[in-house]
Amino acid sequence: MPNLYQLATSAVDAYESQKVKSIFAPLAKATVSKVHITDGDRVLDVACGTGIMARSIRGRFGPTIPISGVDLNDTMIAKACTLTRDLPGHFDWHVSDATNIPASSSFFSHVFCQQGLQYFPDDLAALSEMRRVLSDDGTLILTVWASANEYFLAQSAAMSKYVSVEAGEKALAPFSYPAARRVPELLGELGFKTITVETLSIDRVIMDAEEHGIREDILGSPLGPMVDTMGPAVMEKVVWDILSACAGCLRNANLVVPQYSTLIMASDYQ
């Protein structure tokens with residue numbers, strides 16, 4: 001099956017400079033604060049992207065924790081390797097499908113998946129594979145966006161207006177997965193005994209929103225090529241509509257919009 005979310009190198013650079021800083025790093029920090037990892041644990045980050053969750057885990061728990069990351073996007077893995085090249089031996093990066101993780105059964109004590117599950121063509125197969133590589137006393141930690149915030153609703157409207165209805169729908173696709181209902185059901189089917197669900201609230205901060213922040217945010221997503229082919233005038237219109245719709249969220253030159261994520265943790269112990 002083709003990877004519909006493969007990103008070009010330039011898009012990955014924009015993703016790291018904008019999206020990671022604006023939302024994925026804060027979300028990783030909030031998620032990591034909910035777990036406890038000690039020496040002797042082994043950690044896996046599924047759909048790791050450029051490795052922000054793995055880097056956040058190392059930052060909180062130190063360099064002695066072995067951390068592996070897998071992602072289907074080879075450009076994401078290449079960026080993760082570049083960002084951690086000064087830390088040889090601390091990270092183990094692999095280009096891999098979430099349903100075929102290159103690890104033996106029960107190998108990891110903690111398996112994370114930040115904002116990846118909603119993109120997997122077969123979520124049950126991916127969760128089953130994560131369970132396979134998780135130790136009997138391990139913990140599975142998942143986050144999925146809870147709902148589209150004001151910024152993404154405005155982005156979707158602008159995309160529909162200036163690009164296509166398809167682009168507008170794609171802007172909201174990451175928020176359409178019913179994680180709070182579906183994931184606990186699937187985890188129960190897989191035999192997890194303890195499943196908790198809570199909501200995390202993080203501010204999505206888009207720096208210098210009008211100058212370049214919103215453009216970089218769009219270009220660092222699968223929407224980027226769709227807008228880019230329309231020319232710079234269309235991008236200007238999209239940016240202006242988003243800024244107008246989100247005027248109440250402007251803090252000086254920055255756009256600050258609350259973003260909610262569903263955090264789901266599962267284990268075999270009670």
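Kindly provide the set of residues from region 202-234 that are farther than 26 Å from Ser33 by Cβ, small (Gly, Ala, Ser) and assigned to a loop (DSSP other than H, G, I, E, B), ordered by number.
Ser221, Gly231
Is it the case that Met130 is hydrophobic (A, V, I, L, M, F, W, C), over 25 Å from Ala266 (Cα atoms) and either touching a His at 6+ places or on another chain (Cβ under 8 Å) or crowded, with 19+ Cβ neighbours inside 10 Å (or both)?
Details: hydrophobic (A, V, I, L, M, F, W, C): yes; over 25 Å from Ala266 (Cα atoms): no; either touching a His at 6+ places or on another chain (Cβ under 8 Å) or crowded, with 19+ Cβ neighbours inside 10 Å (or both): yes.
Against the criterion (hydrophobic (A, V, I, L, M, F, W, C), over 25 Å from Ala266 (Cα atoms) and either touching a His at 6+ places or on another chain (Cβ under 8 Å) or crowded, with 19+ Cβ neighbours inside 10 Å (or both)), Met130 does not qualify.
Looking at region 75-89 only, could you name the residues that are of a type in the set (D, E, K, R) and surrounded by fewer than 14 Cβ atoms within 10 Å (Cβ to Cβ)?
Matches in region 75-89: Arg85, Asp86.
Do any helices (runs of 4 or more DSSP H) entirely within region 111-176 hold 2 or more residues that are under 14 Å from the mean Cα position of the chain (by Cα) and charged (D, E, K, R), and if so, which?
Filter on region 111-176 gives an empty set.
Looking at region 193-200, is at least one residue within 30 Å of Asn252 (Cβ to Cβ) and modelled with pLDDT of 95 or more?
Within region 193-200 (the criterion being within 30 Å of Asn252 (Cβ to Cβ) and modelled with pLDDT of 95 or more), the answer is yes, since at least one residue qualifies.
Looking for something free of Cβ contacts under 8 Å to residues at least 24 places away in the same chain, more than 19 Å from Gln118 (Cα to Cα), out of contact with any Cys (no Cβ under 9 Å at 6 or more places or on another chain) and polar (S, T, N, Q) - is there at least one such residue anywhere in region 190-210? Before you say what the answer is, go through the steps one by one.
Of the residues in region 190-210, the ones free of Cβ contacts under 8 Å to residues at least 24 places away in the same chain are none.
No; the residues of region 190-210 include none that is free of Cβ contacts under 8 Å to residues at least 24 places away in the same chain, more than 19 Å from Gln118 (Cα to Cα), out of contact with any Cys (no Cβ under 9 Å at 6 or more places or on another chain) and polar (S, T, N, Q).
Just to be sure I understand the filter: pairs with C-beta atoms under 6 Å, separated by 6 or more residues or on different chains, first member in region 160-185 and more than 30 Å from Glu236 (Cβ to Cβ), second member hydrophobic (A, V, I, L, M, F, W, C) and crowded, with 18+ Cβ neighbours inside 10 Å. Which pairs pass?
Tyr177/Val144; Ala179/Val144; Val183/Ile264
Can you say whether Thr139 is free of Cβ contacts under 8 Å to residues at least 40 places away in the same chain, buried (at least 19 other Cβ atoms within 10 Å of the Cβ), closer than 22 Å to Thr31 by Cα and in contact with a His (Cβ under 9 Å, 6 or more places away or on another chain), as far as the supplied structure shows?
No; evaluated as a whole, the condition is false for this residue.
In region 186-199, is there at least one residue being in contact with a Pro (Cβ under 8 Å, 6 or more places away or on another chain), farther than 22 Å from Phe24 by Cβ, among the hydrophobic types (A, V, I, L, M, F, W, C) and not in a helix (DSSP H, G or I)? Lay out the reasoning, then the answer.
Just the residues of region 186-199 that are in contact with a Pro (Cβ under 8 Å, 6 or more places away or on another chain), to begin with: 195, 197.
After this cut, where a residue has to be farther than 22 Å from Phe24 by Cβ as well, the list is 195.
Checking the rest, the ones that are also among the hydrophobic types (A, V, I, L, M, F, W, C) come to 195.
Next, from what is left, pick out any that are not in a helix (DSSP H, G or I): 195.
Yes: region 186-199 contains one or more residues that are in contact with a Pro (Cβ under 8 Å, 6 or more places away or on another chain), farther than 22 Å from Phe24 by Cβ, among the hydrophobic types (A, V, I, L, M, F, W, C) and not in a helix (DSSP H, G or I).
I need the full set of residues from region 47-56 which are among the aliphatic types (A, V, I, L, M) and either touching a helix residue (DSSP H, G or I) at 6+ places or on another chain (Cβ under 6 Å) or free of Cβ contacts under 8 Å to residues at least 12 places away in the same chain (or both), in order please.
Ile52, Met53
With the condition kept exactly as written, say whether any residue in region 6-16 is surrounded by 16 or more Cβ atoms within 10 Å (Cβ to Cβ) and either of a type in the set (D, E, K, R) or modelled with pLDDT of 95 or more (or both). It would help to see each step written out before you state the result.
Going through region 6-16, the residues surrounded by 16 or more Cβ atoms within 10 Å (Cβ to Cβ) turn out to be 7, 11-16.
Cutting the leftovers down to either of a type in the set (D, E, K, R) or modelled with pLDDT of 95 or more (or both) gives us 13, 16.
Looking through region 6-16, at least one residue is surrounded by 16 or more Cβ atoms within 10 Å (Cβ to Cβ) and either of a type in the set (D, E, K, R) or modelled with pLDDT of 95 or more (or both).
Tally the residues that are over 25 Å from Ala148 (Cβ atoms) and either of a type in the set (S, T, N, Q) or free of Cβ contacts under 8 Å to residues at least 60 places away in the same chain (or both), restricting the search to region 14-39.
3
Evaluate region 227-236: report whether one residue or more is in contact with a helix residue (DSSP H, G or I) (Cβ under 8 Å, 6 or more places away or on another chain), more than 23 Å from Glu16 (Cα to Cα) and not hydroxyl-bearing (Ser, Thr, Tyr).
yes
Quick one: in region 131-148, of everything that is among the polar types (S, T, N, Q) and modelled with pLDDT of 95 or more, which residue is farthest from Val257 (Cα to Cα)?
Ser135
How about region 90-119: which of its residues are without any contact (Cβ under 8 Å) to a residue 40 or more places away in the chain and either surrounded by 18 or more Cβ atoms within 10 Å (Cβ to Cβ) or farther than 24 Å from Gly59 by Cα (or both)? Give the steps one after another, and end with the answer.
Restricting attention to region 90-119, the residues satisfying the condition of being without any contact (Cβ under 8 Å) to a residue 40 or more places away in the chain are 90, 92, 94-97, 99-100, 102, 104-106.
Once the filter is applied, which keeps residues that are without any contact (Cβ under 8 Å) to a residue 40 or more places away in the chain and either surrounded by 18 or more Cβ atoms within 10 Å (Cβ to Cβ) or farther than 24 Å from Gly59 by Cα (or both), region 90-119 yields Ser96, Asp97, Thr99, Asn100, Pro102, Ser104, Ser105, Ser106.
The values are calculated or read from the model by the stated rules, or taken from the named source; none is laboratory data. Worth saying up front: this structure is predicted, and the values here are computed from it rather than measured. Neighbour counts are summed over all protein chains in view; Cβ atoms, including those assigned to glycine, are modelled from backbone coordinates with ideal geometry.
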